[in-house]
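Novice: Right, I'll just put the structure down here and ask away after.
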Amino acid sequence: MSGVAPRLGLPLLGDGLGLRDEHFGHLMRTRPDRWGADWFEIISENFIGHHGWAARVLEHVAAHRPVVMHGVSLSIGSTDPLDRAYLKGLADLAERVKPAWISDHLCWTGVGGRNSHDLLPMPLTEEALAHVADRVRAVQDILGRPLVIENPSSYLEFAASQMPEWAFLGRLAEDTGCGLLLDCNNVHVSAHNHRFDPVAYIQALPADHIVQVHLAGPSDGGDHLMDTHDHPVPDAVWPLYALAQRRTGGVSTLLEWDASIPPYEDLLAELGKARLHRDLREAAVA
């Protein structure tokens with residue numbers, strides 16, 4: 001899509017953390033100027049239709065920091081019709097939270113009305129690309145904002161695929177005007193699992209559509225890496241992150257940690273490594 005402004009007009013938020021219930025108490029009893037994170041990302045499904053303690057924490061956080069909504073149930077690649085009830089829930093939550101943007105994954109999560117709760121890989125074909133592009137446009141029309149699509153981790157590929165994932169995502173972004181959430185950990189995981197070059201992946205994406213980067217730590221299963229979000233960011237991911245920052249000129253960073261969640265201060269220490277690697281990149285360029 002020609003004429004799309006860099007970052008799609010979306011802000012540079014800085015360095016953020018996922019808002020997880022393990023840290024609700026800390027955030028509620030700590031002054032916002034001591035939170036140490038520039039912004040927070042929520043899992044949309046954890047807050048849609050909820051009006052209890054979690055909603056109160058989210059309201060407090062959103063009053064002091066930018067918030068991004070990140071979903072796992074949009075199922076943009078499914079052959080089922082778009083879930084209008086789910087989209088209304090997203091829109092209602094967005095009205096309450098006023099997120100900087102809304103994101104989800106290039107995947108399908110179910111079919112026949114059943115949700116597998118897994119981010120299942122796409123057949124990367126021309127037909128699938130046209131199908132997903134139509135659905136992205138429809139979702140953007142419903143939400144009244146650009147949708148941001150994340151590259152998933154994957155553990156198998158379709159023999160019918162006609163293009164690499166980076167080409168699929170790049171064409172999707174350019175055709176629909178959607179944003180891209182570049183998960184550097186997912187690139188690392190999928191590159192290991194499918195034996196492709198992760199640097200080539202990141203270099204091939206349209207940099208002006210990348211609005212956010214994810215960092216996380218996988219589990220090593222030997223032949224395969226598993227995207228478990230329960231370890232520190234591995235050494236192999238940091239050069240990919242530095243490359244993404246160099247190509248984009250600087251983009252919002254989010255540390256994901258969803259299992260075996262450490263104390264809040266430990267998360268801040270891990271997030272601080274992102275700034276260190278950006279500083280090293282800038283020093284190398286200078």
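The values are calculated or read from the model by the stated rules, or taken from the named source; none is laboratory data. Just so you know, these numbers come straight off a predicted model, no measurement behind them. So basically every Cβ, Gly included, is an ideal-geometry build from the backbone, and we count neighbours across all protein chains shown. The accessibility values were calculated without ligands, DNA or RNA, using every heavy atom of the protein model including side chains. Shrake-Rupley method; radii C 1.70, N 1.55, O 1.52, S 1.80 Å.
Novice: Could we say that Leu254 is of a type outside the set (S, T, N, Q), open to solvent by less than 40 Å² (accessible area, probe 1.4 Å), in a helix (DSSP H, G or I) and in contact (Cβ under 8 Å) with a residue 12 or more places away in the chain here? Show your work before the answer.
Specialist: Details: of a type outside the set (S, T, N, Q): yes; open to solvent by less than 40 Å² (accessible area, probe 1.4 Å): yes; in a helix (DSSP H, G or I): no; in contact (Cβ under 8 Å) with a residue 12 or more places away in the chain: yes.
In short, no.
Novice: Can you report the number of residues in the stretch 104-116 which are open to solvent by 50 Å² or more (accessible area, probe 1.4 Å), farther than 18 Å from Leu180 by Cα and touching a residue at least 12 places away in the same chain (Cβ under 8 Å)?
Specialist: Qualifying residue count, the stretch 104-116: 4.
Novice: Considering only residues of the stretch 216-248 that are of a type in the set (S, T, N, Q) and under 20 Å from Gln203 (Cβ atoms), which is surrounded by the most Cβ atoms within 10 Å (Cβ to Cβ)?
Specialist: So in the stretch 216-248, the residues of a type in the set (S, T, N, Q) come out as 219, 228, 245, 248.
Next, from what is left, pick out any that are under 20 Å from Gln203 (Cβ atoms): 245, 248.
On the way: Gln245: 20, Thr248: 23.
Out of the qualifying residues, it is Thr248.
Novice: Same structure, new question: Condition test on Val211, is it crowded, with 17+ Cβ neighbours inside 10 Å and either closer than 13 Å to Leu17 by Cα or modelled with pLDDT of 95 or more (or both)?
Specialist: On the way: crowded, with 17+ Cβ neighbours inside 10 Å: yes; either closer than 13 Å to Leu17 by Cα or modelled with pLDDT of 95 or more (or both): yes.
Here the answer is yes, as Val211 does meet what is asked.
Novice: Within the stretch 117-151, restricting attention to residues that are β-branched (Val, Ile, Thr) and in contact with a Ser or Thr (Cβ under 6 Å, 6 or more places away or on another chain), which residue is nearest to Gly179 (Cα to Cα)? Break it down into steps so the answer makes sense when it comes.
Specialist: Restricting attention to the stretch 117-151, the residues satisfying the condition of being β-branched (Val, Ile, Thr) are 125, 132, 136, 139, 142, 148-149.
Within this subset, residues satisfying the condition of being in contact with a Ser or Thr (Cβ under 6 Å, 6 or more places away or on another chain) are 136, 148.
Working: Val136: 11, Val148: 4 Å.
Checking each candidate, the answer is Val148.
Novice: Can you confirm whether His50 is farther than 22 Å from Arg145 by Cα, modelled with pLDDT under 95 and either open to solvent by 20 Å² or more (accessible area, probe 1.4 Å) or touching a helix residue (DSSP H, G or I) at 6+ places or on another chain (Cβ under 9 Å) (or both)? Give the derivation first.
Specialist: Numbers: farther than 22 Å from Arg145 by Cα: yes; modelled with pLDDT under 95: yes; either open to solvent by 20 Å² or more (accessible area, probe 1.4 Å) or touching a helix residue (DSSP H, G or I) at 6+ places or on another chain (Cβ under 9 Å) (or both): yes.
Criteria met by His50.
Here's the yes/no breakdown for (1) assigned to a helix (DSSP H, G or I); (2) modelled with pLDDT of 95 or more:
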{"site": "Leu240", "(1), (2)": "yes, yes"}
{"site": "Ala244", "(1), (2)": "yes, yes"}
{"site": "Gly250", "(1), (2)": "no, no"}
{"site": "Glu265", "(1), (2)": "yes, yes"}
{"site": "Leu271", "(1), (2)": "yes, yes"}
{"site": "Leu276", "(1), (2)": "yes, no"}
{"site": "Ala284", "(1), (2)": "yes, no"}
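Novice: Mind telling me which of the residues Ala55, Ala37, Ala63 ends up being out of contact with any Cys (no Cβ under 7 Å at 6 or more places or on another chain) and either of a type in the set (Val, Ile, Thr) or buried (at least 20 other Cβ atoms within 10 Å of the Cβ) (or both)? Working first, answer last.
Specialist: Values: Ala55 fails: either of a type in the set (Val, Ile, Thr) or buried (at least 20 other Cβ atoms within 10 Å of the Cβ) (or both); Ala63 fails: either of a type in the set (Val, Ile, Thr) or buried (at least 20 other Cβ atoms within 10 Å of the Cβ) (or both).
Every option except Ala37 fails the conditions.
Novice: Need at least 1 residues that are among the hydroxyl-bearing types (Ser, Thr, Tyr) and more than 16 Å from Thr248 (Cα to Cα) per element, so show me which helices (runs of 4 or more DSSP H) inside the stretch 150-213 make the cut, counting only ones lying wholly within it. Give the derivation first.
Specialist: Working: elements: 165-176, 184-194, 198-204.
So the answer is 165-176, 184-194.
Novice: Residue by residue through the stretch 78-93, note down the ones that are over 21 Å from Leu10 (Cβ atoms) and open to solvent by less than 10 Å² (accessible area, probe 1.4 Å).
Specialist: Hit for the stretch 78-93 is Ser78, nothing else.
Novice: Give the residues of the stretch 214-237 that are in a loop (DSSP other than H, G, I, E, B) and of a type in the set (Asp, Glu), sorted by residue number. I'd like the intermediate steps shown before the answer.
Specialist: Step one: of the stretch 214-237, the residues in a loop (DSSP other than H, G, I, E, B) are 216-218, 221-224, 227-236.
Matches in the stretch 214-237: Asp223, Asp227, Asp230, Asp235.
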